[in-house]
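Report on the following structure.
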Amino acid sequence: MIELSIEFAGIRSINPFWLASGPPTNSAAQLNAAFEAGFGGAVWKTIGTAVENVSNRYSSYKKWDRILGLNNLELISDRPLELNLKEIQEIKKRWPDRAVIVSIMEEYDREKWEELVKKVEASGADGIELNFGCPHGMPERGTGSKIGQDPILCREVTSWVKRVTRLPLIVKLTPNVTDITQTAKAAIEGGATALSLINTIQSISGVDLDTFEVLPSIGGKSSYGGYSGEAIKPIALSLTAKVASMEMVQEKQVPISAMGGISTWRDSVEFLLLGASSVQLCSAVMLNGFRIIEDLLSGLKHWMEAKGFSSIADFRGKSLSHIVPFHQLEPTFKQIAQIDPQKCIHCFLCYIVCRDAAHHCIDLTDGKALYPVIPSSGKHEWMFPKVRPEDCVGCSLCQHVCPVDSCIEMITMEAQKLELRPGIQMKSWEAIGKRATGEVLYGCSD
Amino acid sequence: MEFLKESLPPLSLSEAIGEASRCLYCWNPPCVTACPTGIEIPKFVKRIETGDFRGAAEVILKANFLGGTCGRVCPVEELCEGACVLTKLKKPSVSIGRLQRFAIDHFWAKQKLPSQWHIQIQKKKKVAIVGSGPAGLSCAATLAQLGIEAVIFEKNRLPGGLSTYVIPSFREPIEVSLKEVEEVKKLGVPIHTEKELGKDFSLEELRTAYDAVFLAIGLGKSPQLQIPGEAYFLDSLEFLSRAKLEPWSLPNANNIVIIGLGNTAIDCALVAKKIAREKVSILYRKRLEESRAYPKEIEKVLKEAVPIQFLTMVKEAVVKENKLVGLKCQRLNPHSILDSVGKKEQTGIEFFLPAELVIRASGQQKPLWITTMAIELDNGFIKVNEKYETSLPKVYAGGDCIRKKGMFSTVHAVEDGKKAAFSLAASFS
Ligand SMILES: Cc1cc2nc3c(=O)[nH]c(=O)nc-3n(C[C@H](O)[C@H](O)[C@H](O)COP(=O)(O)OP(=O)(O)OC[C@H]3O[C@@H](n4cnc5c(N)ncnc54)[C@H](O)[C@@H]3O)c2cc1C
Ligand SMILES: Cc1cc2nc3c(=O)[nH]c(=O)nc-3n(C[C@H](O)[C@H](O)[C@H](O)COP(=O)(O)O)c2cc1C
Ligand code: SF4
Ligand code: SF4
Ligand code: SF4
């Protein structure tokens, strides 16, 4: 039996897939449809003092017809607070087995926060999420990422809320900081029972080369927006892993609800493997509708079946142990590229990238192609790329650009025979650092 | 008229960018090697993808001044697209031809040739070019860009060779061919039409008046079948040329019969299909496997449901009251030994096929009149070396008239013209 249900900071949910606070969680009608489709929970669109939104609030970063990322200038809910609260109450009553969490945001004013929290408590919601992350509009009013970027404010506001609520309290972190563990720590110190991350990344999605306007153009002007969607997944994964690896998070077993670029079950599993307890989706739903939940559930279930997992807890955080500080990476581990001439289609992308950006160790040799390379010539003689193993550093760039599945393989070499530079037998990166300067230098990875 | 329109619609902006984005941006890929003019395909395709259409057109025109024609008429399955590496991944190749057409159309609609292409022509050396088909135009454009004076003599009323007169409009409308002619003129090349070598002037006269001569005279009409009543048949080139330039002059016919199954015959069938009231059919002396037409072309006639009678020979024209009414045909014995001369045992049945219009499409004839000049030939084609020099000093040749082997195609003629121009320039320096 595969059990997909989870318990997150005391909140029960029939599966780990939640709608993130955003346009799809604006109303009871939407949540109703999403729950009917199968979502396990939803974080209501951030409420607070009602705002006025701008028209044309999105722009996208596209590669031809594919949206890589979405840039938005949307503020918090622009519906009346009382209407939102009434609908929250209705939807929770109707769907007792789903997680209904309310995202809130107020100005930097203790009384306002307390008043809002009380109203949310009365609605019967399962939990509260503090939106400390909105990167546009709200910071100018002294809230949103303004609070989320400052550990002192983050701790203080969290503690204001904590004092007046018994509900599970989730603090949503902004990625627009230098060190996310600082704000995560401050939130926990302030009383957060759980963390969620990431909110959008501050962005400009593009500039119109004819009008010189920045996108989206709102009557000729634009502003810094928030970036979301598939393109931000790698950043979100890394921040999730960082927070999940924090000692404080592990000791107190602070659950993490992760998001940022999730659009498939595979993405979701990656976040769970890096320590998340639930996952949230916004852009993917905005671009495809609630129906994607069926595919998320199907994929997750079949993957768990194949791997022999019966619950989410069986694999949650399983990949965290594969992340180590750079200096603990094995310096004697070595691979070299090997090209399968039977599969090669002669695009020579490997050649050109190795020549110009790696180690100039792919030669072009002649050989016999399987098929005539140019139909009208019927010629079978053609050039083949071939790696010079003694010069290959195993960077793997060629493998990444090769368009043919498993045509270039990275072959692992026997470790003991390796020397990085002639005459110097490698032990560890620490050892190299010490030898060079007398102290430990860990190279930076970028 | 419907059949005068180009059959493939132009790519829209978003189609072009989408198609361009499929290209892998290979390095020195087979598609470039397969292009006889060596257009840097990944480069121009990527420029389309990023919206630099002028940059794309410059890449194409630098290698092939007749890129607008070639993007339409090239047998791309046999050349660049057939070699595209994507086909080896069982994916459709990048539509290089249509992207090329997109770039050039865009360029013509919006822009003039870049100024650095208009080189000051030095009056020191003068080249006479005979024939304004693709080979002649390409040679002239290249010479002009090298600063060498070139003059074209053309026997027809309109310049452009087969692109103007023969290649069906559904593939290349006449405007495209004439536009390219204009572009060549803009580079400073005068084109004197209705001036025929061998009639209005001799090769000797050209050789004395000019520093060099480039012969780009193409091929002739289709050869005679040597059967009674043949005078009632229409030559394929004449049929295509009338269909393209003056379609109203074609006789009304309920039954059109085409003799032959080469690329020209297929073009005739496709054009005929669009104008015939009733029936178009093809008679072919040999078997399907023996046809020299491109497989893609044969597919087209099959799709158009044009019946093809194989191993069928035309014995004579049946004429009544001075009008063609049909053909007397005979089936050939499929087991008899086949040879290129067609001396098959004529043992099959004879039958009558009604036809009011019969088109003789058995390939183009070699330029026979050239034998009257003291120039060395090779199997009827003008003999040249790798520098495009003929046996006569200062006389060069290129295009279909030298194509002893290989493809009769526009793009090869363009490459000949370009390369011959470089050889000519080198001989002057
Ligand atoms: C029906 C048909 C369809 C074709 N379709 C295609 C196609 O789709 N794609 C493709 O790539 N190729 C196609 N071809 C082949 C292509 O048209 C030729 O390979 C190409 O035109 C050759 O160019 P050229 O300059 O050598 O000769 P031509 O285009 O034949 O030009 C020769 C020019 O020289 C002139 N000339 C001849 N003799 C004299 C003289 N004595 N004095 C002055 N001028 C003279 C002629 O009037 C003509 O203008 C087709 C050919 C035919 C017949
Ligand atoms: C493999 C790799 C190595 C890099 N190394 C450095 C580096 O040594 N120093 C540095 O300042 N930036 C480094 N960068 C960052 C780049 O300079 C650049 O800021 C970053 O990649 C974003 O730009 P781009 O993705 O548009 O190229 C590196 C990037 C990559 C991909
Ligand atoms: S792994 Fe790196 S160094 Fe080795 S062949 Fe590939 S690109 Fe070149
Ligand atoms: S990238 Fe792959 S397919 Fe292309 S040439 Fe290299 S090995 Fe061959
Ligand atoms: S072979 Fe195909 S994919 Fe590669 S450059 Fe040419 S058109 Fe592009």
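The figures follow:
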{"quantity": "Principal-axis tilt of helix A:110-122 within chain A, Cα atoms, nearest 10 degrees", "calculated": "90 degrees"}
{"quantity": "Cα gyration tensor shape of chain A, rounded if a/c is under 1.5, else prolate or oblate by comparing a/b with b/c", "calculated": "prolate"}
{"quantity": "Area accessible to solvent at B:Tyr210, 1.4 Å probe radius, in Å²", "calculated": "40 Å²"}
{"quantity": "Largest-first principal axis extents, alpha carbons of the stretch A:11-60, Å", "calculated": "36, 27, 18"}
{"quantity": "Histogram of C-alpha separations across the stretch B:88-228, 10 Å bin width, %", "calculated": "11, 34, 31, 17, 7, 2"}
{"quantity": "Area of A:Asp126 that stays accessible when all protein chains are in place (1.4 Å probe, Å², to 10)", "calculated": "40 Å²"}
{"quantity": "Antiparallel bridge percentage (DSSP; both residues within the protein assembly as shown; nearest 5)", "calculated": "45 percent"}
{"quantity": "Prolate/oblate/rounded label for chain B (Cα gyration tensor, a/c 1.5)", "calculated": "oblate"}
{"quantity": "Whichever aspartates and glutamates have a C-alpha closer than 19 Å to that of B:Lys125, once near sequence neighbours (fewer than 8 apart) are set aside", "calculated": "B:Glu149, B:Glu204, B:Glu205, B:Asp211, B:Glu389"}
{"quantity": "Heavy-atom accessible area order for B:Trp27, A:Trp18, largest first, 1.4 Å probe", "calculated": "B:Trp27, A:Trp18"}
{"quantity": "Principal semi-axes in Å for the stretch B:1-71 [√(5λ), Cα gyration tensor, largest first]", "calculated": "22, 16, 12"}
{"quantity": "Mean Cβ neighbour count within 10 Å, used as a protection proxy, ranking B:397-405, B:310-318 highest first", "calculated": "B:397-405, B:310-318"}
{"quantity": "Label point 7 Å beyond Cα of A:Ile411 along Cβ direction - residues of the stretch A:327-355 with amide nitrogen under 14 Å", "calculated": "A:334-342"}
{"quantity": "Chain A: angle of helix A:81-94 to the longest principal axis, Cα-based, in degrees nearest 10", "calculated": "80 degrees"}
{"quantity": "Inter-probe distance in nm under a simple model that places probes 7 Å from Cα toward Cβ, at A:Ser238 and A:Leu320", "calculated": "1.9 nm"}
{"quantity": "FRET efficiency, 1/(1 + (r/R0)^6) with R0 56 Å, evaluated for B:Phe352 and A:Ala50 via beta carbons", "calculated": "0.05"}
{"quantity": "Cα→Cβ-extended label distance, 7 Å offset, between A:Ala37 and B:Lys303, nm", "calculated": "4.0 nm"}
{"quantity": "Taking chain A and dividing mean pair separation by its residue count, relative contact order in percent (alpha carbons under 8 Å, at least six apart)", "calculated": "13 percent"}
{"quantity": "Among A:Cys154, A:Cys392, A:Cys282, residue whose mean-square fluctuation peaks in a GNM of chain A (springs only between Cα atoms under 10 Å)", "calculated": "A:Cys392"}
{"quantity": "The stretch B:118-159: relative contact order as a whole-number percent, Cα under 8 Å and 6+ apart", "calculated": "51 percent"}
{"quantity": "Proximal lysine pairs, the stretch A:5-161, alpha carbons under 28 Å, eight or more residues apart or interchain", "calculated": "20"}
{"quantity": "Rg followed by Dmax, in Å, when the protein assembly as shown is reduced to its Cα trace", "calculated": "37.3, 113"}
{"quantity": "Fluctuation leader among A:Glu156, A:Glu414, A:Glu247 - chain A, Gaussian network, Cα springs under 10 angstrom", "calculated": "A:Glu414"}
{"quantity": "10 Å Cβ neighbours from other chains, averaged over peptide B:23-29", "calculated": "6"}
{"quantity": "Calculated FRET efficiency for the pair A:Asp208/A:Gln253, C-beta based, R₀ 35 Å, to 0.05", "calculated": "0.10"}
{"quantity": "Chain A: angle of helix A:151-164 to the longest principal axis, Cα-based, in degrees nearest 10", "calculated": "40 degrees"}
{"quantity": "For the stretch B:206-247 versus the stretch A:325-342, the gap between their alpha-carbon centres in whole angstrom", "calculated": "66 Å"}
{"quantity": "Antiparallel bridges, percent of DSSP beta bridges restricted to chain B (to nearest 5)", "calculated": "35 percent"}
{"quantity": "Listed residue pairs exceeding 20 Å between alpha carbons, taken from A:Lys368/B:Lys404; B:Lys179/B:Lys419; B:Lys62/B:Lys195; A:Lys242/A:Lys318; A:Lys233/A:Lys343", "calculated": "A:Lys368/B:Lys404; B:Lys179/B:Lys419; B:Lys62/B:Lys195; A:Lys233/A:Lys343"}
{"quantity": "Qualifying chymotrypsin sites (Phe, Trp or Tyr not before Pro) for the stretch A:174-255 [loop in DSSP, other Cβ within 10 Å: at most 10]", "calculated": "A:Phe212"}
{"quantity": "Of the DSSP H helices in chain B, those whose Cα atoms cover at least 20 Å axially and whose Kyte score averages -1.0 or more", "calculated": "B:96-110, B:410-428"}
{"quantity": "For the stretch A:1-154, average projected area of the Cα convex hull in nm²", "calculated": "11.3 nm²"}
{"quantity": "Nearest-10 value in Å² for the accessible area of B:Leu8, using the 1.4 Å probe", "calculated": "90 Å²"}
{"quantity": "Pairwise burial A:B, computed as accessible area of each alone minus the pair, summed, 1.4 Å, Å²", "calculated": "1600 Å²"}
{"quantity": "Relative contact order, percent, chain B [alpha-carbon distance under 8 Å, six or more residues apart]", "calculated": "17 percent"}
{"quantity": "Selected from A:Pro403, A:Pro151, A:Pro168 as most flexible by GNM, with chain A as the system and alpha-carbon contacts under 10 Å", "calculated": "A:Pro403"}
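The values are calculated or read from the model by the stated rules, or taken from the named source; none is laboratory data. It should be emphasised that the depicted structure is a prediction, and the values quoted were computed from it without experimental measurement. When we count neighbours, we look across all protein chains shown, and the Cβ atoms used for this are built from the backbone with ideal geometry, even at glycine. We work out accessible area using only protein heavy atoms, side chains counted, and drop any ligands, DNA or RNA first. Shrake-Rupley method; radii C 1.70, N 1.55, O 1.52, S 1.80 Å.
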